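Notes for the one structure printed next.
The values are calculated or read from the model by the stated rules, or taken from the named source; none is laboratory data. Note that this is a predicted model, so its numbers are computed, not measured. A quick note on method: Cβ atoms are made from the backbone with ideal geometry, for glycine too, and the neighbour counts reach across all protein chains shown. Only protein heavy atoms, including side chains, enter the accessible area calculation; ligands, DNA and RNA are left aside. Shrake-Rupley method; radii C 1.70, N 1.55, O 1.52, S 1.80 Å.
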Amino acid sequence: MVRSRFAPSPTGNLHIGGARTALFNYLYSKHHRGVFVLRIEDTDIERSRDEYVDDILGGLSWLGLDWDEGPYYQKDRTELYREHAERLLKEGLVYRCYCSAEVLEEKRKAALKEGGKPHYDRTCRDLPADDPSHEGKPYVLRFRTPLSGEVSFADLVRGKITFKCEELDDLILLRTDSSPTYNFTVVVDDALMGITHIVRGDDHINNTPRQIVIYEALKYPVPQFAHVPLIHGKDKARLSKRHGATSLLEYRNDGFLPEAVMNYLARLGWAHGDQEIFSREELIEKFDLPAVGKSPSIFDMEKLTWLNSHYLKTLPEDDIAKRLLPFLDEIGISAGYDARLVRIIVNLRERAKTLKEMAQMSEYFFRDDHAVDDAARAKFLTPATKPILTDFAEDLKGIASMDDEESLKARLEGLTKKYNAKPVAIIQPIRVALSGKTVSPGIFEVIAILGKECVERRLKDAIESIQ
RNA sequence: GUCCCCAUCGUCUAGCCUGGUCCAGGACACCGGCCUUUCAAGCCGGCAACGGGGGUUCGAAUCCCCCUGGGGACGCCA
């Protein structure tokens with residue numbers, strides 16, 4: 001049984017990179033009909049914040065990456081870590097180190113200056129156990145890393161990776177205040193939670209051998225690892241705050257659909273032939289770790305946007321209509337779900353790239369005091385077009401239903417003949433009169449959706465506004 | 001500095017494992033055309049890449065080595 005996990009630390013929002021790691025874990029476990037575990041790594045009390053936990057949980061839920069177990073909080077498991085540390089101490093696999101943080105920092109700097117590895121010099125490693133000179137002094141627990149030999153593992157995306165033990169440091173497992181550190185908790189938890197596959201960012205490759213030796217010391221089975229490349233910003237550097245490595249939820253707020261974001265994230269670093277569009281079910285069916293690329297990819301907003309328009313156009317219309325509601329609300333339009341709304345989105349979804357944009361584009365369908373574009377007014381609501389609008393308003397009186405496209409079309413053709421003009425010359429003034437813009441869905445659709453009363457009112461207002 | 005990882009169009013990628021069908025395929029973006037009632041959408045077409053150098057081989061994007069470039073890690077952060 002495959003058991004994967006996503007283990008973020010709540011020291012920041014769930015950004016694009018984290019979301020993709022979560023997605024890959026989710027897809028891998030679902031593909032193998034396994035279990036997806038969520039664990040919050042909040043051992044850094046200083047920087048962990050509840051609001052980040054909320055953001056992470058909210059982001060995952062929005063994407064629909066539902067976890068089967070958890071969330072587990074490491075904060076609640078400190079006793080477990082302490083027990084394991086004691087066990088290692090009893091077995092002589094960890095030792096007390098009395099070096100202060102300041103001394104360590106100086107040693108690191110000195111080593112770096114001389115061109116060496118900034119590693120701990122192992123001063124306390126061979127201190128006699130009964131040495132009384134450190135009695136009562138604060139200490140940390142360090143792992144007694146093997147001094148020679150090598151550690152290797154078969155990475156599911158990169159193949160075999162080997163490290164020499166000399167490269168490994170004697171990691172601190174328990175701090176002075178006896179709180180556990182990352183490399184220790186992650187091993188204990190993954191082992192205890194029965195995690196079989198660890199899918200994480202490749203910034204953890206260096207931690208992997210250090211963790212493997214801890215697994216071995218603890219006599220726990222070593223899981224499989226898969227290190228996926230990081231997502232970079234346009235400058236090819238790791239995604240950070242300045243690239244908009246902001247919360248995933250901002251994409252929701254900006255009107256992106258979770259289907260599009262999931263599809264985009266999956267294709268970032270992974271491919272299945274030439275296919276671009278994948279539903280969640282297809283992703284679960286087709287996703288596999290060996291197909292994940294090895295090189296970092298750059299986040300491309302344009303492609304995400306393209307996918308978003310694709311889903312806007314292809315998802316069920318009633319679904320899109322319902323999802324538009326909160327965005328309408330956002331700009332002060334309290335609409336409800338009905339046939340008219342569906343009709344509006346059917347016309348707008350070919351043109352809008354996001355739900356947010358769609359809401360803005362739909363404003364004039366909902367209120368008479370909608371924005372009117374000055375340039376559009378200046379160009380199309382003029383003394384020259386006034387008679388056209390007047391004639392058209394007059395024509396309308398003879399038509400019972402604005403859904404009667406045939407009749408409307410006939411009147412329009414009449415006007416093109418009368419004014420000896422192209423259709424566009426007749427239609428644009430009407431479009432501006434009705435929508436306040438030069439751009440809108442087909443004019444007959446606009447007229448039909450607005451309804452007779454509204455169309456007459458707006459034509460009248462437009463005509464009166466022309467000096 | 002040391003270690004680890006990576007390297008195909010501007011971007012996401014297919015192809016690489018199992019060399020020839022690749023003068024390298026798809027997608028986004030961009031450019032042009034068609035359609036047209038505006039804007040989109042759609043359809044058609046175009047531009048555009050195997051980082052460099054050595055090998056191996058009849059033949060290399062594909063295998064090997066070196067170089068270069070990029071990224072990551074080196075915390076009592078995760």
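Annotations
- Whole-Hz couplings from phi, Karplus 6.51/-1.76/1.60, listed for the stretch A:312-329; x for Gly and Pro: 4, 7, 10, 5, x, 4, 5, 5, 4, 4, 5, 6, 6, 3, x, 6, 5, 4
- In whole angstrom, the stretch A:3-145 maps to an equivalent ellipsoid with semi-axes of 38, 19, 15, each derived as √(5λ) from the alpha carbon gyration tensor and ordered largest first.
- Chain A, Rg to Rh (Cα coordinates; Rh as Kirkwood inverse mean 1/r): 1.18
- In degrees, nearest ten, helix A:423-435 long axis to first principal axis of chain A (Cα): 60 degrees
- Distant-in-sequence amide H partners of A:Ser297 (H built 1.01 Å from N, under 5 Å): A:His232
- Its residues counted as N, the stretch A:374-465 yields a C-alpha radius of gyration over 2.2 N^0.38 Å of 0.96.
- Rounded to the nearest whole Hz, the Karplus-based 3J(HN,Hα) values (6.51 cos²θ - 1.76 cosθ + 1.60, θ = phi - 60°) of the stretch A:391-408 follow the sequence 4, 5, 4, 5, 4, 4, 4, x, 10, 6, 10, 6, 7, 7, 4, 4, 5, 4, with x at glycine and proline.
- Against the criterion of solvent-accessible heavy-atom surface with a 1.4 angstrom probe, A:Ser133, A:Ser440 sort, most first, into A:Ser133, A:Ser440.
- Cα centroid separation, the stretch A:155-208 to the stretch A:432-467 (Å): 65 Å
- For the stretch A:315-367, the calculated P(r) over all alpha carbon pairs, in 10 Å bins from 0 to the bin holding the longest distance, is 28, 66, 6 percent.
- Partners for A:Lys90 among lysines (Cα-Cα distance below 19 Å; same-chain residues under 8 apart left out): A:Lys219
- Under 5 Å between amide hydrogens, built in the peptide plane, is the criterion, and for A:Asp155 it picks out A:Lys160, A:Ile161 among residues at least 5 positions away or on other chains.
- The stretch A:135-215, relative contact order [Cα under 8 Å, separation at least 6], %: 31 percent
- Accessible area, probe 1.4 Å, largest first, for residues A:Glu357, A:Glu166, A:Glu41: A:Glu166, A:Glu357, A:Glu41
- Cα pair count fraction exceeding 17 Å, expressed as % - the stretch A:80-174: 61 percent
- Contact order relative to length of the stretch A:374-465, as percent, for alpha carbon pairs under 8 angstrom and 6 or more apart: 38 percent
- Note that the stretch A:1-107 presents 46 Å² accessible area per residue, ligands and nucleic acids not counted, probe 1.4 Å.
- Qualifying aspartates and glutamates (Cα of each under 17 Å from Cα of A:Lys107; at least 8 residues distant if same chain): A:Asp121, A:Glu167, A:Asp169, A:Asp170
- Cys residues of chain A that find no other Cys beta carbon under 4.7 Å: A:Cys99, A:Cys165, A:Cys454.
- For the stretch A:315-367, a simple Cβ point-charge model (Lys and Arg +1, Asp and Glu -1, everything else neutral) yields a dipole of about 120 debye relative to the Cα centre.
- Cα-based reach from A:Lys397 at 21 Å (exclusive), listing lysines while leaving out same-chain residues under 8 positions away: A:Lys386, A:Lys409, A:Lys417, A:Lys418, A:Lys452, A:Lys460
- Relative contact order of chain A, taken over Cα pairs closer than 8 Å and 6 or more residues apart, is 13 percent.
- For A:Thr11, the solvent-accessible surface computed with a 1.4 Å probe is close to 50 Å², ligands and nucleic acids excluded.
- Long-range amide H partners of A:Gln224 with built H, under 5 Å: A:His197, A:Ile198
- The portion of the accessible surface of the stretch A:354-467 made up by carbon and sulfur, rounded to a whole percent, is 52 (1.4 Å probe; DNA, RNA and ligands excluded).
- The angle between the Cα long axis of helix A:207-218 and the longest principal axis of the Cα atoms of chain A comes to about 50 degrees, rounded to the nearest 10.
- Note that the stretch A:374-465 presents 49 Å² accessible area per residue, ligands and nucleic acids not counted, probe 1.4 Å.
- A simple rule links phi to the HN-Hα coupling: the Karplus curve 6.51 cos²θ - 1.76 cosθ + 1.60 with θ = phi - 60°, which for the stretch A:67-83 gives 8, 8, 9, x, x, 8, 10, 5, 3, 7, 10, 4, 4, 4, 5, 5, 4 Hz, with x for Gly and Pro.
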